[in-house]
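**Student:** Take a look at the following structure, please.
Bear in mind that the values in this text are calculations on the coordinates, not laboratory data. Predicted model, so just to flag it, every value in this text is computed and none were measured. Neighbour counts run over all protein chains shown; Cβ positions are idealised from the backbone, glycine included.
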Amino acid sequence: MRHVLVVHFSQTGQLDRLAQSVCAPLREHDGIEVDFLALEPAEPFPFPWPFLGFFRIFPETVLMKPQPLLPLAVDSGKRYDLVILAYQVWFLSPSLPCTSFLASAEAASLLKDTPVVTLIGCRNMWLMAQEKVKARLQALGARLVDNVVLTDACGTAASFLATPLWMFTGRQKPYSWVPRAGIDEQELAAASRFGDAMTRRLLADQQPIEAPMLAGLGAVKVDEKLIASEKVGNRSFTLWSRLLSALGPQQSRRRGVGLVVYIVFLLCLILTVVPITALLKKLLAPLFKARIQREKAYFAGPSGE
């Protein structure tokens with residue numbers, strides 16, 4: 001019998017549906033037992049989010065400061081042949097529940113010497129979040145063997161508006177003139193192909209999984225236009241997070257005032273610096289073609305595009 005653990009947290013339910021689609025083929029076989037571990041914050045995060053409340057958790061998210069979780073309903077002494085870690089991306093970082101799990105004693109026990117597949121459902125920018133998760137997994141002694149990423153169907157520009165509106169209204173298409181936020185339904189259903197590949201590998205033999213299982217299946221797509229933006233954004237987020245964290249606790253008035261200043265700065269950045277940077281990158285792309293291809297190949301690993 002092969003044992004698989006799925007660790008997940010989803011506010012909207014979309015990531016849970018993605019995990020269910022991937023795991024459907026695994027659950028169809030008697031030779032594979034699939035356990036699900038839902039992460040539950042001790043103080044639940046609201047959904048839809050109040051506008052300022054969403055930004056109040058920005059420093060802790062970026063600085064990856066773990067928050068209390070409800071007791072994890074899992075046997076940390078049980079050994080799993082594969083762990084699927086399904087997480088959202090918040091502020092170019094793994095969500096706080098994911099960060100909190102990776103900092104727990106249970107994660108240290110469950111993930112040591114265990115192959116892991118990361119499963120991401122997000123707007124479109126996930127590279128820096130995955131780098132942070134990779135570092136945590138390595139520190140825990142886990143082996144990252146595959147990564148699957150599904151992103152919003154409405155595109156980069158439209159999702160700047162559509163995704164925040166989903167977060168603040170609770171509706172994927174709150175207005176007729178706004179594109180529907182979220183992953184395309186057909187893409188969610190087609191994600192079962194990854195579960196098919198995992199099933200074949202798990203049932204092939206009883207040897208530990210050490211190599212990627214999802215090569216050639218389009219598990220990720222790296223948008224080279226966003227690589228530099230993510231790196232710059234991550235550095236900016238880190239600096240602002242340290243400043244805002246120093247101003248006071250999440251609900252303090254001083255942090256609230258600092259957040260208003262930061263939000264104005266962020267909007268100005270999006271409206272001015274981001275378009276200019278994108279134009280410069282497009283003009284200079286021929287000069288850095290080889291470097292960009294190397295970076296794409298690196299970020300696409302271990303599954304590849």
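**Student:** Which one of F9, F36 is in contact (Cβ under 8 Å) with a residue 24 or more places away in the chain, buried (at least 23 other Cβ atoms within 10 Å of the Cβ) and not small (G, A, S)?
**Tutor:** Result: F9 is the single residue among F9, F36 that is in contact (Cβ under 8 Å) with a residue 24 or more places away in the chain, buried (at least 23 other Cβ atoms within 10 Å of the Cβ) and not small (G, A, S).
**Student:** Another question, then. Is there any pair with a first residue in the stretch 265-291 that is under 16 Å from I227 (Cβ atoms) and a second that is not aliphatic (A, V, I, L, M) whose Cβ atoms are under 7 Å apart and which are 6 or more apart or on different chains, and what are they?
**Tutor:** V274/S229; T277/S229; A278/K225; K281/K225
**Student:** Please specify each residue of the stretch 124-157 satisfying the condition of being surrounded by 22 or more Cβ atoms within 10 Å (Cβ to Cβ), within 14 Å of the chain's Cα centre (by Cα) and more than 13 Å from V222 (Cα to Cα).
**Tutor:** Once the filter is applied, which keeps residues that are surrounded by 22 or more Cβ atoms within 10 Å (Cβ to Cβ), within 14 Å of the chain's Cα centre (by Cα) and more than 13 Å from V222 (Cα to Cα), the stretch 124-157 yields A129, V133, D146, D152.
**Student:** I need every pair where a residue in the stretch 237-258 that is closer than 23 Å to V89 by Cβ and touching a residue at least 40 places away in the same chain (Cβ under 8 Å) has its Cβ under 7 Å from the Cβ of a residue that is part of a helix (DSSP H, G or I) and among the charged types (D, E, K, R), sequence separation at least 6 or different chains.
**Tutor:** As it stands, the answer is L244/R255; Q250/R56; R255/R56, since those pairs meet every condition given.
**Student:** Of everything in the stretch 207-227 that's over 25 Å from I183 (Cβ atoms) and in contact (Cβ under 8 Å) with a residue 40 or more places away in the chain, which residue is surrounded by the fewest Cβ atoms within 10 Å (Cβ to Cβ)?
**Tutor:** Filtering the stretch 207-227 for residues that are over 25 Å from I183 (Cβ atoms) and in contact (Cβ under 8 Å) with a residue 40 or more places away in the chain, the one surrounded by the fewest Cβ atoms within 10 Å (Cβ to Cβ) comes out as E210.
**Student:** In the list L92, L96, L102, L85, which residue meets the criterion of being within 12 Å of the chain's Cα centre (by Cα), under 24 Å from L150 (Cα atoms) and without any contact (Cβ under 8 Å) to a residue 60 or more places away in the chain?
**Tutor:** L96
**Student:** Can V117 be described as in contact with an Asp or Glu (Cβ under 6 Å, 6 or more places away or on another chain), aliphatic (A, V, I, L, M), under 16 Å from P302 (Cβ atoms) and not in a loop (DSSP other than H, G, I, E, B)?
**Tutor:** yes
**Student:** Among the residues of the stretch 12-50 satisfying the criterion of being in a strand (DSSP E or B) and in contact with a Ser or Thr (Cβ under 9 Å, 6 or more places away or on another chain), which is nearest to L96 (Cα to Cα)?
**Tutor:** P41
**Student:** From the list V222, V232, exactly one residue is outside any helix (DSSP H, G or I), of a type in the set (A, V, I, L, M, F, W, C) and closer than 19 Å to L92 by Cβ. Which is it?
**Tutor:** Being outside any helix (DSSP H, G or I), of a type in the set (A, V, I, L, M, F, W, C) and closer than 19 Å to L92 by Cβ holds for just one of V222, V232, which is V222.
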